[in-house]
Amino acid sequence: MMEREQAWAIVCEFVQSDSLRKHMLSVEFAMRAYALHYGEDADSWGLVGLLHDFDWEIHPTLEGHPMAGAPILRERGLGEDDIAAILSHGPFGVRTTLREKALFAVDELTGLITAVTLVRPSKNIQDVEARSIRKKWKDKTFAAGVNREDVEQGAAALAVDLWEFHVPLVLKAMQDRAAELGLTGT
């Protein structure tokens, strides 16, 4: 399996945007939380979360991403199961494994949680609660780029309740690593 340090080097090589890097870290942390919940390999799940959008700046279209990154990851030694999981989060992806379903479920949600955090006066994720996210969820103009349907479909595919389990789990995963995400306040 690829080491996390090698994966992070790939992210740093291909991703210049600090916010995209932090998004990828958020997805890594959420994937690790889901892996622990399911008794799976947190390193493997986290690696997929960390690398899932590494090719977005090269191919920022739904037609190019994430397929464009597969040959690069293959060349760098990432395993085929990990590549398949990354490919599954795209718009044409087929999600059959728990890891693939989890990646799809957490991807958009991390963006919404970040947006909710950044509009708070404190800009501190520790001040965010699931009910704050739910309130903003209902406002379709807030973080309009977040595909709420994907989040709902992802939670349903995992057979978890969106508001009682999914949102709290992802929020806690991000809160536990807030400093790395730059979400500790002003």
Just going by the charge dipole of region 4-181, with Lys and Arg at +1 and Asp and Glu at -1 on Cβ, which of ALA144, LEU50, LEU20 is farthest out on the positive end?
ALA144
Of the DSSP H helices in the chain, those whose Cα atoms cover at least 20 Å axially and whose Kyte score averages -0.5 or more:
18-38, 98-119
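Rounded, prolate or oblate: which fits region 94-161, taking a ≥ b ≥ c as square roots of the Cα gyration tensor eigenvalues, rounded meaning a/c under 1.5, else prolate when a/b beats b/c? Write out the running numbers ahead of the final one.
Values: a/c = 2.35, a/b = 1.97, b/c = 1.20.
Here region 94-161 falls in the prolate category.
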Which order do the peptides 92-103, 34-45 take when ranked by the mean count of other beta-carbon atoms within 10 Å per residue, highest first?
92-103, 34-45
How big is the gap, in Å, between the Cα center of region 90-169 and the Cα center of region 6-63?
16 Å
Looking at the square roots a ≥ b ≥ c of the eigenvalues of the Cα gyration tensor of region 1-53, which shape do they give, rounded for a/c under 1.5, prolate if a/b is larger than b/c, or oblate?
oblate
With +1 assigned to the C-beta of every Lys and Arg and -1 to the C-beta of every Asp and Glu, and no other charges, what is the dipole magnitude of region 1-134 about the Cα centre in debye, to the nearest 20?
560 debye
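With each run of n ≥ 4 DSSP H residues scored as -39500 (n - 2.57), what mean residue ellipticity at 222 nm is computed for the chain after dividing by its residue count and rounding to the nearest 500 deg cm²/dmol?
Numbers: 10 runs with 112 residues, N = 186.
So the calculated ellipticity at 222 nm is -18500 deg cm²/dmol.
Readers should treat all values here as calculations from the given coordinates under stated rules, not as data from a laboratory. None of the values given here were measured: they were computed from a predicted structure. Every residue, glycine as well, gets a Cβ built from its backbone with ideal geometry; the counts of neighbours run over all protein chains shown.
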